[in-house]
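Notes for the one structure printed next.
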Amino acid sequence: MECAVLSDPRNAAFAVRLHFHDCFVQGCDGSILLDDTITLQGEKKASTNIHSLKGYRMMDRIKNSLESECPGIVSCADILTIAARDAVILVGGPYWEVPLGRKDSTTASYELANQNLPSANEGLMSIISKFLYQGLSVTDMVALSGAHTIGMARCKNFRERIYGDFEATSDANNPISKMYIEKLRSICPPIGKDAEKNITGMDNVTPEVFDNSYFQMLMRGEGVLNSDQELYSSLLGMETRALVKKYAVDPLAFFQQFSDSMVKLGNITNSDSFLSGEVRKNCRFINT
C-alpha cells in the first residue's frame, strides 16, 4: 500500500472505496473483486461500480505476495479491509485495529450492487435507509462520508449539483466560492458525453490528505456531490447537520468516530460465506 500511495495518492481513495463497495453487497466477503465468468456475473459492471471503482490490480499484487509467503491463509476480504485501513493512515488519517478472519464468498450480486449502494444524486433519507439496512447508524453514515476528504468525483456524478442548487447552498457573494463554481463548470460543461469522465477532487482544499476539511466545505455549501451537501443542507438533516458541524471543528472527534465506524463497516458479515466461504487463491476467481 505504501508503494501504491506513493506512486499515486489516489490509490488511497481507491482502496477505501473498494472496501466500502464490497461490504455493502453481501457483507465484507471480497465479492467486489470477482470477475465475470460464464457461470458468474460479478459486481464490477454494476452502475454504481463500473466507472467509480479502480485498484483491482493493486489488490492482485497484495494477494500474489501474500500467497507466495503464506498460501491459503489470508482472504481477499481481509486484504480489502486491511488495505483500506493502511490507505487511510498513509494519507494522514487515523489508525484502528482490524478484526480478521473473513472468508471469501463464492458468489457475487450484480443486482444488490445496483440496489444497496448510495448514488451521487440520492436524497438524504434514502441514503440513511441504506446505511440502517447494513446496521450502520446516522452517525456512522456522516463519519464514513468523511472519507470523501480524499478521492475524486466524475463530472457525470456532480453535473446535476453544479447546475442545480450549488449557488443556493454556497455564498454567491464570496469571490472564492464564485471562482470555485466557475472552475467546476469549466471541468464539467452542462452537456456532452465526452466531459462525463472529467474529474475533480471531492475536497477542494486538501484532496490528497485525510482530514476534516470535507466537513468545513459542506458548511460553506460547497459539497461537490448532491449526496454530500445533503448532509448539511437538507431540511430533514437536523441530526446530520449537527454532526457535520461537530466534525468540522473537532478533527479528533471525526478521527475517533471514523475509526469506530470503519470497524463496524468491516464487521458486516455474509452469513453464507461465513459457513461456505473460502480463501481464494486469486481474488478474481473462486477456487475450482
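The values are calculated or read from the model by the stated rules, or taken from the named source; none is laboratory data. In this text the structure is predicted, and so the values were computed from the model without any measurement. All Cβ positions, glycine included, derive from the backbone under ideal geometry; neighbour counts span all protein chains shown. Accessible surface is based on the protein model in full, side chains and every heavy atom, while ligands, DNA and RNA are left aside. Shrake-Rupley method; radii C 1.70, N 1.55, O 1.52, S 1.80 Å.
Criterion first (touching a Ser or Thr at 6+ places or on another chain (Cβ under 8 Å), at pLDDT 95 or above and either in a loop (DSSP other than H, G, I, E, B) or open to solvent by 70 Å² or more (accessible area, probe 1.4 Å) (or both)) does Val205 satisfy it?
So Val205 fails the test.
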statement: Among helices (runs of 4 or more DSSP H) completely within region 1-84, the ones holding 1 or more residues that are surrounded by 15 or more Cβ atoms within 10 Å (Cβ to Cβ) and of a type in the set (Ser, Thr, Tyr) are 56-69
query: When Ala77 is evaluated against the numbered criteria (1) more than 16 Å from Asp22 (Cβ to Cβ); (2) touching a strand residue (DSSP E or B) at 6+ places or on another chain (Cβ under 8 Å), which criterion, by number, is the only one it fails?
result: (1)
- prompt: Can you pull out the residues in region 208-228 that are open to solvent by 20 Å² or more (accessible area, probe 1.4 Å), charged (D, E, K, R) and over 13 Å from Phe254 (Cβ atoms)?
  reply: Glu208, Arg220
statement: For region 135-160, the count of residues that are farther than 21 Å from Arg10 by Cβ and in contact (Cβ under 8 Å) with a residue 40 or more places away in the chain equals 9
message: If Asp171 satisfies all but one of (1) over 25 Å from the mean Cα position of the chain (by Cα); (2) closer than 19 Å to Ala248 by Cβ; (3) free of Cβ contacts under 8 Å to residues at least 24 places away in the same chain, what's the number of the condition it fails?
response: (3)
